[in-house]
1. Sort 70, 118 by Cβ crowding within 10 Å, fewest neighbours at the top.
2. Taking the Cα atoms of the stretch 168-268, report the difference between the largest and smallest coordinate on each principal axis, in whole Å and largest first.
3. Relative to the longest principal axis of the chain, what angle (0 to 90°, nearest 10) does the C-alpha long axis of helix 517-528 take?
4. Using just the helices of the chain, give the 222 nm mean residue ellipticity in deg cm²/dmol: DSSP H runs with n ≥ 4 each add -39,500 (n - 2.57), and the total is spread over all residues, rounded to 500.
5. Need one number: the % of Cα-Cα pairs in the stretch 352-494 sitting beyond the 27 Å mark.
6. What number, in percent, do you get for the relative contact order of the stretch 276-427 if the mean sequence gap of Cα pairs under 8 Å and at least 6 apart is divided by its residue count?
7. If R0 is 25 Å, what FRET efficiency do you get for residue 672 and residue 403 from their C-beta distance, rounded to 0.05?
8. I need the fraction of alpha carbon pairs in the stretch 1-85 separated by more than 16 Å, rounded to a whole percent.
């Protein structure tokens, strides 16, 4: 049966790696009777980390939905990875949700992953509540963590609960909305009263009438506190803080009650913006509109597209349009995914998430809608890859399947990139880190039966010149009968970086016939493919042909192409050629205590630090670093900072290589050209 929109909650459960997200979800699913047994990640029985690669690595790798009922509400909880290598799945889940539960470790407090996710929630304008976990563990301290949360994220983060007892003696959660002060132990009443007053004030600030009552000394009722805080949470001006221990099943029931009372439904979320500047109302009787936020390749169902229904009602056998790809689709049966299991449902309304199998041409970031009203939603802007490997087939059999396998994986994960570099002749696969790529390649082997070997990618060096020079070549060949003859004189000059190759015809007086001038250019273009330093592509050069000679019988196009090629090579050796390397723009986000280590390491990598500025409580180091120094930087940065730093990079420009590096690159290039002795 269709569920009233106001009774639907679609939430992403997010947090730093190992903060307790999976344990909390396992506890919630058991308490809500969505599963028959309380699964626990520690002993491999989790109902949440249930996929083969997650079981092998004992951590969440994939975002996936779990459904449960609480009171008369339907709740969809999207589990998300906390590890930075799988950040793309976390982004997709947050986009599909109306709000988030941010899990913070009660022992370690706010960590770098928490800050990064908070910033993402802010950018997507998602309401949230915080759950402080692991309060039964040694050094678990709710009040210390609350103070840290308020320092980092603001005083609008307000406790809605208090723990009774600490560490091993933690036994109960006191809810500030519903617990009478008389039921609070005497030693906690002062703290309880102060926290309750802050809660009342936060609720009153959402309504002028309530604020007047509060300032007049009148206590707010439970209904008024609930309504006021619900409004504040929906607006993003109030962030409730809950607490508990998933292992002991403490706080999970109160959290579910907070979810249905305080977090917004799709109706509370309001109109959803489209690319064209319009909006879509989340109403069940509106024309259907949905957004594909995730895709997987299932062993049995094939390609599955995960759809968040934004407006209207999605039903089987409905004819819809994929606006993004300008094609028609017919809706197959609707599947409700519960971890690794599937259940067929008849329909899905606003706020619900279903999977559609075997659509013809539908992928992540596509908008699906009713033909009567075509709309399109903005795509998710996924992070760019920061780590790359060159991929080589393990056997000839693997070579035939490798490209198809990687394309299959690209359908599931938009944070993967694949490129066949025409200059280095390598197939390069890129991702968000070593663990990310390890999972990708493991899936290639297990799911698709493709084995590959990896190596550090070759750097796509270039060559150019630094001064003007002239070159000359006469091609003359006689072998009986008609011979070959062509002579060309060239001037070459450097051009601005990135401007490419330019060919100039300055021949006068018919020294070279008009019909052979293009042949000289072809020779120059061929010479560009292998420079004179180490055989790399030559860039940013102007070549001017200004003189030459020909033979009435023996001259032909091939002769002038050969003369152009060798004249260019001759000129280049005289034009002080240099090797160029790709330089990357790098932003490193790092806590203060690691600044010295990170900046010193960047300098060691021949990096040039441009600026350092504070961004969301972290130092952001903007630098330019040679690409060759960054292939394993994500792993080394994580090791250097205990996983508390992150970075992003993109190509900037090419720069000359220092002389000592050039010597090394030339030696390696010459060694690679030598034939192996058997």
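1. On the way: 70 19, 118 22.
Ranking 70, 118 by Cβ neighbours within 10 Å, fewest first, gives 70, 118.
2. Result, largest extent first: 43, 37, 18 Å.
3. On a 0 to 90 degree scale, this one is about 50.
4. Numbers: 17 runs with 200 residues, N = 678.
Calculated mean residue ellipticity at 222 nm is -9000 deg cm²/dmol.
5. Working: 5270 of 10153 pairs.
Tail of the P(r) past 27 Å holds 52 percent of the pairs.
6. Numbers: 303 pairs, mean separation 36.9, N = 152.
Reported as a whole number, the value is 24 percent.
7. Working: r = 24 Å, r/R0 = 0.98.
With R0 = 25 Å, the Cβ-Cβ based efficiency is 0.55.
8. Numbers: 1862 of 3570 pairs.
Result: 52 percent of Cα pairs exceed 16 Å.
Every number in this text was worked out from the coordinates using simple rules, so none of it is lab data. Not measured: the values here are computed from a predicted model. FYI the Cβ positions are ideal-geometry reconstructions off the backbone, even for glycines, and counts take in every protein chain you see.
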